[in-house]
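The values are calculated or read from the model by the stated rules, or taken from the named source; none is laboratory data. Predicted model only: the values in this text are computed from it and were never measured. Neighbour counts run over all protein chains shown; Cβ positions are idealised from the backbone, glycine included. These accessible areas exclude ligands, DNA and RNA; they are computed on the full protein's heavy atoms, side chains included. Shrake-Rupley method; radii C 1.70, N 1.55, O 1.52, S 1.80 Å.
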Amino acid sequence: MQKLSLNQTLQQKLTPQQIQFIKLLQIPTAELETRIEEELEINPALEEGMDEELSAKDDTYDDNADSDYDEEYNHRDDISLDDYLHHDEYGGYKMYSDGNYPEEDREMPIATMLTLHDALIQQFGYLRLNDRQAVIGLQLLGSIENDGYIRRSLQAIVNDLAFSQGFYSSIEEVEQVLKKIQTFDPPGIGARNLQECLLLQLGRKDAADVYVTYAIKVIEAFFEEFSKKHYDKIQKRLNITDVQMKCVINLITKLNPKPGSVEGEDGLAQYLLPDFWINNNNGKLEVHLNSKNAPELRISRSFAEMLDTYDKSDKSNRHIRETVSFVKQKLDAAKWFIDAIKQRQNTLQRTMNAILQYQHEFFMDGDETRLKPMILKDIATRIDMDVSTVSRVANSKAVQTEFGVYPLKYFFSEGISTEYGEDASSREVKSILKDLIESEPKGNPLSDDKLEKLLNEKGYNIARRTVAKYREQLNIPVARLRKQL
């Protein structure tokens, strides 16, 4: 006998406006300008710019309007023009609005195409320097050669500023600005020699990685020996195993000795450009949304008035009705696009503000051990939005800080409970694990079981399999391979 059952499922259909918002939210800021240009080309009802004669108030357009144009016009003889002819409706938009749409899970990679000089100039603008620093910075950027190095001495740059611009500075003042430029992408940019270039790149890597620590020591103290491939001498001085030395060599040789020379056939290069920048204003952290690629948009006045003209014509004429339907469809599409841009900008701003508040200690000094365990739900709850919305922002956006450019997903990590009922970041646990291994007896290294017990004694409730996972993520071999005679 066949058994019958009844299953009930709940499905939610996304409206065209919601889909448009989702797509715009996933686009990195550097690609937003291209997307807006495409919309301007296909929709004559949309214009770039802000009409000064019109009100700059936010739109009051109903997001829940019917999106089925044909059905709407087949059942209506009269079309209200109020939504299109009020000045408020097609004035320039601001970057703020509220909204939360259900979404599908998708990821958009961070990518953009700019020349090296353009990329550096744009990143330089995020530093918010004073007038003196800006003059020095532009002189330094102009001194960066195609391979990414600054080979002119700082004294020569000081002299250039004095002779060409009548601007008097010091080597110390110039070097202070140079240090800021050296935080730009690509890593290693603005280095004065190969040694500094490699150290700048190593400084961007995980400080909890034991091999990163060894690599920094090699470049700082044994650079000449390394360049001559005297690896045996370095290994003895560092007192490390053959396996460890091979890992260090492999790490260093994968660094880019010419950070500026990554251009393709079209003379363009890929760089990670931030969607936000965080400015420390006398101890107060401020989030700025990069809106350079989101120009003011408005509804075309002439296109809206065209609807008024057709409305006064013979509505029984099928051609007139079809024309009115087309005009209204374009006007609706223009309004929806403007509103979607507003929703995008507001969602990005709210998400980044929440991340800043949550990880405030890290953004103050750049110490990754200060990062708190944070998952997508933590931020979604704070901004009252869906987890998938936060996921899209985190997976496709980046932020410029004083310490470099970070993808937003960098700030999300799992938490480890402590005996005090608090949570510790997995990065914090990795840092302690690294310290334990570095201080272990070289002839009797700690097993994962012993490391588990030591971490538990320190108050971290962590299992042996988690210890093994973190050790592998730090590229640290098992105890038997770490043993030294």
Inset, instruction - Can you tell me the relative contact order of the range 323-405? Whole percent, Cα pairs under 8 Å, sequence separation 6 or more. - result: 22
Legend entry - Nitroxide proxy distance, nm - points 7 Å out along Cα→Cβ at residue 285 and residue 465: 3.5
Legend entry - Charge dipole magnitude, Cβ of K and R +1, D and E -1 - the range 115-193, Cα centre, debye nearest 20: 100
Legend entry - Summed side-chain charge close to residue 478 - residues other than residue 478 whose Cβ falls under 11 Å, Lys, Arg +1, Asp, Glu -1: +2
Inset, instruction - Work through the residues other than residue 443 whose Cβ is under 14 Å from its Cβ and net out their charges, Lys, Arg +1 and Asp, Glu -1. - result: +3
Legend entry - For the range 453-465, 3J(HN,Hα) per residue [Karplus equation, 6.51 cos²θ - 1.76 cosθ + 1.60, θ = phi - 60°, Hz, x = Gly/Pro]: 5, 5, 5, 5, 5, 7, x, 9, 7, 10, 8, 4, 5
Legend entry - Rounded to whole Å, sorted largest first: equivalent-ellipsoid semi-axes of the range 110-174, Cα gyration tensor: 23, 14, 9
Inset, instruction - Grab the Cα-Cα distance for residue 117 and residue 159, subtract it from 0.36 nm times how many residues apart they are, and report the gain in nm with one decimal. - result: 12.8 nm
Inset, instruction - Taking every pair of Cα atoms in the range 167-218, average 1/r, invert it to obtain the Kirkwood radius, and report Rg/Rh to two decimals. - result: 1.08
Legend entry - Derived scalar couplings ³J(HN,Hα) [the range 396-403; Karplus, 6.51 cos²θ - 1.76 cosθ + 1.60; whole Hz; x for Gly, Pro]: 9, 10, 9, 10, 8, 10, 5, 9
Inset, instruction - Please report, to one decimal in angstroms, the Kirkwood hydrodynamic radius of the range 280-411 built from all distinct Cα-Cα pairs. - result: 18.1
Inset, instruction - Could you list which residues have their amide H under 5 Å from that of residue 398, counting only those 5 or more apart in sequence or on another chain, with H placed in the peptide plane? - result: 275, 276, 408
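Calculate the FRET efficiency for residue 138 and residue 478 from the Cβ-Cβ distance with a Förster distance of 45 Å, rounded to the nearest 0.05.
0.30
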Inset, instruction - Would you work out what percent of the accessible area of the range 113-173, with all protein chains in place, is carbon or sulfur (probe 1.4 Å)? - result: 52
Legend entry - Restraint check, 335/397; 179/205; 397/430; 430/469; 229/442, Cα-Cα greater than 19 Å: 335/397; 397/430; 229/442
Inset, instruction - Output ³J(HN,Hα) for the range 185-200: one whole-Hz value per residue in order, computed from phi by the Karplus curve 6.51 cos²θ - 1.76 cosθ + 1.60 with θ = phi - 60°, and x for Gly and Pro. - result: 9, x, x, x, 5, x, 6, 9, 7, 5, 4, 5, 4, 5, 5, 4
Legend entry - Translational D in µm²/s for the range 208-247 (Stokes-Einstein at 20 °C, 1.002 mPa s, Kirkwood Rh from C-alpha pairs): 213
Inset, instruction - Largest first and to the nearest Å, give the Cα extent of the range 139-243 along each principal axis. - result: 56, 26, 25
